[in-house]
Amino acid sequence: VAVSKKVDAFGVAVLAVITATGGGIMRDVLLGVCPPNAFTDRSYVFIAIIIALIVFLAAHLFKDSYLRREQLLDSVNNVADALGLGVFAVSGTLAAIDYGFSDNGFLCVFVGMITGIGGGFLRDIMVLEIPFILKKRIYALAALAGSIIFYILYMNGSGYTFSAGIGAAATFFLRIFATHFRWNLPTAY
């Protein structure tokens, strides 16, 4: 997104950090964790900056090759994003459970979904786009589905590994199928 919007190297780094940490920061604020983990464990920020600058340099140094392979790169990014969405939705749900909110299923599932989608939501707002999650490819619903599945399985005695695997896989495959088959929710017109 940052490269396609033609922001400078600093802008790429800022958008990467917002995308990488935004959902976790929202999760922590909702759960009363102060300061949010992104500010106490700097590895999140450093990893986001390093990866963002590698992508920026690759796009800058190999512009023609980058543009020719843009569709392939988008496909690879979509798979990685779907995997991350599933993992973050499950981990956010677990965080709400671990912080003592296991009896509030709505909160746990909502926090799981926000953990997965929050960073991208903030990124899109910062580049003046309608957030992707509001318009295309069943993104937020995939995170919601994975969070619900994880919560139900985990709270009903299934082990963590099984519950997390099924919840993350449900999110992943729903996103991949939605992209492949171009599933979208209907719009008003």
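The values are calculated or read from the model by the stated rules, or taken from the named source; none is laboratory data. None of these values were measured; they are calculated from a predicted model. Every residue, glycine as well, gets a Cβ built from its backbone with ideal geometry; the counts of neighbours run over all protein chains shown. With ligands, DNA and RNA removed, areas are computed over all heavy atoms of the protein, side chains included. Shrake-Rupley method; radii C 1.70, N 1.55, O 1.52, S 1.80 Å.
Divide the volume of the convex hull of the Cα atoms of region 64-104 by its number of residues and quote the answer in cubic angstrom per residue.
Numbers: hull volume 2.5 nm³, N = 41.
It is 61 Å³ per residue.
Which one, ILE50, THR19, PHE88, is farthest towards the positive end of the dipole of region 1-127 when Lys and Arg carry +1 and Asp and Glu -1 on their Cβ?
Positive-end residue among those listed: ILE50.
If packing is taken as the average number of other Cβ atoms within 10 Å across a peptide's residues, how do 100-109, 87-96 rank, most packed first?
Numbers: 100-109: 15.9, 87-96: 26.4.
Descending mean neighbour count gives 87-96, 100-109.
Within 11 Å, Cβ to Cβ, of SER91, how many net charges do the neighbouring residues add up to if Lys/Arg are +1 and Asp/Glu are -1?
Result for the neighbourhood of SER91: 0.
Cα centroid distance between region 156-189 and region 11-64, in Å?
Using only Cα atoms, the two centres lie 24 Å from each other.
Just going by the charge dipole of region 9-116, with Lys and Arg at +1 and Asp and Glu at -1 on Cβ, which of CYS108, ASN78, ALA59 is farthest out on the positive end?
Most positive-ward Cα: ALA59.
Under 20 °C and 1.002 mPa s, how fast does the chain diffuse according to Stokes-Einstein, given a Kirkwood radius computed over C-alpha pairs? Answer in µm²/s, whole number. Don't skip to the answer; put the middle values down first.
On the way: Rh = 17.2 Å.
For the chosen part, D equals 124 µm²/s.
Please give the peptides 177-186, 46-55 ranked by average Cβ packing (other Cβ atoms within 10 Å per residue), highest first, as a rough proxy for protection.
Details: 177-186: 12.6, 46-55: 15.1.
Listed from highest to lowest mean packing, they are 46-55, 177-186.
From the P(r) of region 91-149, could you give the percentage of C-alpha pairs in the tail past 18 Å? Could the numbers behind the result be given before it?
Working: 628 of 1711 pairs.
Tail of the P(r) past 18 Å holds 37 percent of the pairs.
Can you pull the percent of the chain's accessible area that's carbon plus sulfur, 1.4 Å probe, other chains left in place? Walk me through the numbers on the way to the answer.
Values: 7630 of 11160 Å².
Within the chain, the accessible surface is 68 percent carbon and sulfur.
For q values of 0.16, 0.26 Å⁻¹, compute log₁₀ I(q)/I(0) with the Debye formula on a Cα-only model of region 34-108, without solvent.
-0.81, -1.19
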